[in-house]
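*Asks:* Got a structure for you, questions after.
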Amino acid sequence: MTDIADYLNGLAMQKYRPKTGEIGLPVLKIKELRQGSCDESSELCSPSIKPEYVINDGDVIFSWSGSLLVDFWCGGTCGLNQHLFKVTSQKYDKWFYYSWTNYHLQEFAAIAADMATTMGHIKRRDLNAAKVLIPSHDDYMRIDAILKPLYDLVIANRIENRKLASLRDELLPQLLSGNIDVSEVRI
């Protein structure tokens, strides 16, 4: 799989705490990836980490240690912690490398489960050994025309859901307290 994508391992973010006067970035850990967002309990890191370790909406993230999972991050800007890969490619679209990583996930989970350590994980050699079928250019373009818009829509909908939930959480207390009057609103 390393022929189709780059798997960048995150940083040990405890070494990159915000400096005095900096507004920290939330740290993306396995917990945040599972819940799809950062929260008040998420650790913070310095915003001056190298740009390749900054995660943005739509990035493909692969948890390779402990709980193995791959997903599109749609929880806002954050810093990439260790035990997570940011998956990118200069050659292939994200639907392609996301799909192949997801395809091999059960195989990777079996490898991790067989390890004698307390927290199973996969190694880079496991990524190197994972087979990927590359379609012809014409087939790739036909598949891309179908899948790219669908994956883009999934990402856009998740981002919109996050924004709507934030708006709801901001407005609901004001509505319940009577600070906002909606008696004249017609639907």
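The values are calculated or read from the model by the stated rules, or taken from the named source; none is laboratory data. What you see is a predicted model; the values in this text were computed from it and never measured. Methodologically, a virtual Cβ is constructed for each residue, glycine included, from the backbone with ideal geometry; neighbour enumeration extends over all protein chains shown.
*Asks:* Which residue out of Asp181, Asp144 is of a type in the set (D, E, K, R) and either modelled with pLDDT under 90 or surrounded by fewer than 10 Cβ atoms within 10 Å (Cβ to Cβ) (or both)? Spell out the reasoning first.
*Replies:* Numbers: Asp144 fails: either modelled with pLDDT under 90 or surrounded by fewer than 10 Cβ atoms within 10 Å (Cβ to Cβ) (or both).
On inspection, the qualifying residue turns out to be Asp181.
*Asks:* In region 60-72, what residues are of a type in the set (Phe, Trp, Tyr) and not in a loop (DSSP other than H, G, I, E, B)?
*Replies:* Of everything in region 60-72, those that are of a type in the set (Phe, Trp, Tyr) and not in a loop (DSSP other than H, G, I, E, B) turn out to be Phe62, Phe72.
Here's the yes/no breakdown for (1) assigned to a loop (DSSP other than H, G, I, E, B); (2) more than 13 Å from the chain's Cα centre (by Cα); (3) of a type in the set (Asp, Glu):
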{"site": "Cys74", "(1), (2), (3)": "yes, no, no"}
{"site": "Leu80", "(1), (2), (3)": "no, no, no"}
{"site": "Phe85", "(1), (2), (3)": "no, no, no"}
{"site": "Tyr92", "(1), (2), (3)": "yes, yes, no"}
{"site": "Trp95", "(1), (2), (3)": "no, yes, no"}
{"site": "Tyr98", "(1), (2), (3)": "no, no, no"}
{"site": "Gln106", "(1), (2), (3)": "no, yes, no"}
{"site": "Ile111", "(1), (2), (3)": "no, yes, no"}
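*Asks:* Looking at region 134-187, which of its residues are among the aromatic types (Phe, Trp, Tyr) and touching a helix residue (DSSP H, G or I) at 6+ places or on another chain (Cβ under 6 Å)?
*Replies:* Once the filter is applied, which keeps residues that are among the aromatic types (Phe, Trp, Tyr) and touching a helix residue (DSSP H, G or I) at 6+ places or on another chain (Cβ under 6 Å), region 134-187 yields only Tyr151.
*Asks:* Same structure, new question: So which residues in region 61-81 are hydroxyl-bearing (Ser, Thr, Tyr) and out of contact with any His (no Cβ under 9 Å at 6 or more places or on another chain), if there are any at all?
*Replies:* Within region 61-81, Ser67, Thr77 qualify.
*Asks:* Just to verify a result, which residue in region 42-59, among those that are among the acidic types (Asp, Glu) and either assigned to a loop (DSSP other than H, G, I, E, B) or at positive phi (or both), is farthest from the chain's Cα centre (by Cα)?
*Replies:* Filtering first and then ranking leaves Glu43.
*Asks:* Please work out if Tyr7 is touching a Phe, Trp or Tyr at 6+ places or on another chain (Cβ under 6 Å) and touching a residue at least 24 places away in the same chain (Cβ under 8 Å). Steps first, answer last, please.
*Replies:* Working: touching a Phe, Trp or Tyr at 6+ places or on another chain (Cβ under 6 Å): yes; touching a residue at least 24 places away in the same chain (Cβ under 8 Å): yes.
So Tyr7 fits the description; yes.
*Asks:* I've got another one for you. Could you please find all residues in region 87-137 being out of contact with any Asp or Glu (no Cβ under 9 Å at 6 or more places or on another chain), at pLDDT 90 or above and among the β-branched types (Val, Ile, Thr)?
*Replies:* Result: Thr101, single match.
*Asks:* Going by the structure shown, is Tyr7 at pLDDT 95 or above and touching a Cys at 6+ places or on another chain (Cβ under 9 Å)? Can you show your working first?
*Replies:* Values: at pLDDT 95 or above: yes; touching a Cys at 6+ places or on another chain (Cβ under 9 Å): no.
Answer is no for this residue.
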